[in-house]
Structure formats: C-alpha cells, structure tokens
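Each remark here refers to the structure printed beneath this line.
All of the numbers you see were taken from the coordinates with simple rules; none came from a lab. Values in this document were obtained by computation on a predicted structure and should not be read as measured data.
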Amino acid sequence: MASTLGACHFCLMIFLPYSQIINLFNEARWRMFQRKISTKDVQFLEEYFFYFARLQPRYKTEFLNKLKDILTRKRIIPRGDMRQVSPELELLIGATITMVTFGWNSLRLNHFHTILVYPDEYYSQINQTYHRGEVNPKYGLIILSLKPFLEGFIDPTDGINLGIHEVAHALKLAHFIHTDEEREFSPKAWETYKKWVPDEMKKIRLGLPTVFRERGGVDEHEFFAVVVETFFEKSQEFKAYNPKFYQTMVYLLKQDPLVLLS
Ligand SMILES: [Zn+2]
C-alpha cells in the first residue's frame, strides 16, 4: 500500500510541473480547512470596510464567498515585533484582495500565497531602505506594514491606501506570471491601458493638474498602483478628470465602483 502511494507521488512528480503539484496539495488543504465568515465578521466589515459597507446588498453574498475563499487560501503571518495577526486584521487584508479582484469570478492571485505583516516600516536587506510594503514575486509574498496599512482606512476617499497599492502591484505582476493558471487582464484591455500611461505619467512629473498623486510619477509600476488606489477611493473624481481612462480601468478590472456601490 505504502509503495503504491509512493509510486503514485513519484508519477505526479514526473508528469506534473512543480506549480501544479503545489496547487493540488493546496486544493486539498483548502477543502479540509475552510475559513468561516461569522455574523460578527460581517458586522466588522460593515463598520470598518468602506467598500463592503457601500456595496449594493445584492453583491454582498458574492463578496463574502470570495473573501472566505481568499482567507482560506492565503497564509497571513506576523513578522518583526508583531506577535500575532488578529482575525480583524485578517479580514481587512482579505477584504482588500477581494475588493481589487471582485470583477473576476475566480481570480484569487494564487501566486501570492503568503502575506507578511510587520508592525511598522521595516528595513529591507534587498535594497537597503525602509519599506511600508512590497511584493516579492520570487517567493509569492505580499508584505505590508500594519501602521500605514491601517492609516489607509482612516480616509477611504483620499486615494492613499497601502493595501490596495500592494495588491495592485501583485495583480500586475500576476498578469505576467503564467504558472499560476489564472488569467488576469484581457490583452485588449491591457493594450488600451498602456496607451494612457506616458501622457498621464508626464502630467504627474511636470506638476500639471491630475487626479493621481505624485508617487505615480516614479515609474510604470508605481503609476499602475496609484491608478488602482485612485480608481477605488476617488472613483467620481477620476471619472470627471478623464472619463475614457476611467472606462479603460473599468474594462481592465472588470468592475465599476460607481455602479457596484450605492
Ligand atoms: Zn508601490
């Protein structure tokens, strides 16, 4: 019996790529340990998560099902002096991923399986600077620091939200990672998005009137993350500023917050 099982595993190793083996094991783990969303969790989201609170009632069940799936699949781990990640913090992180990917039926950003949470800005040995957050595609990590992450929720309409920002980085990277067996942007929507980038970045760099914050002028990655923050937190202003670019983002992210929220 043991040898049959061993041989079976061996066959898997030979015929399946490594990423598929990992996916199979994860799939089994998710089925066994489903994260539940309690009434208390829903009340917490209603109170502290702007997007969920404003989401039209008919979309709320879908949001909660996707959130449950994401929380079941992701590992959220404390780092630095952080002792533990509270269930409330897990909800805020999971709900941020759910919000950014809400337009897709089954996109869960599988490549980014682990979220590390530091208590505050942390020193990154890789580029020898302090960081508020980053995304590491090599190890499938999204890294957040708690203080600026929570500050992002204080004003949900200022276009500054570290959680949205880092998930947007992960989403853009995932679009170019093909081993995750997920399909992110439609090629046509991505091509249309790219046409807006040079002119809009130039406006930020020249200090001309724009709806996007300065950080977006750093490079194309930062620009995308800032555009996604603006899309969710300043939807109305973004649409008034450039309706065609706003519509491009609606196609790209497969959702329109101005329609979904009331
Ligand atoms: Zn960034």
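Listed values, structure above:
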quantity	calculated
Phi-based couplings in Hz for segment 101-106 (Karplus 6.51, -1.76, 1.60; Gly and Pro marked x)	9, 4, x, 9, 5, 10
Stretch gain in nm, segment Glu46-Ser186, where the contour uses 0.36 nm per residue and the Cα spacing is subtracted	47.2 nm
Acute angle (nearest 10 degrees) that the helix 57-73 long axis makes with the longest principal axis of the chain, alpha-carbon atoms	50 degrees
Under 14 Å from Lys138, Cα to Cα: aspartates and glutamates that are on another chain or at least 8 residues apart	Asp180
Rounded tilt (10° steps) of 39-48 against the dominant C-alpha axis of the chain	30 degrees
Entries of Lys195/Lys254; Lys147/Lys244; Lys202/Lys234; Lys40/Lys66; Lys203/Lys234 with Cα pairs more than 29 Å apart	Lys147/Lys244
Beta bridges per DSSP with both ends in the chain, % antiparallel, nearest 5	45 percent
Max mean-square fluctuation residue, GNM over the chain, Cα-Cα springs under 10 Å, options Glu62, Glu134, Glu222	Glu62
The chain, Rg to Rh (Cα coordinates; Rh as Kirkwood inverse mean 1/r)	0.99
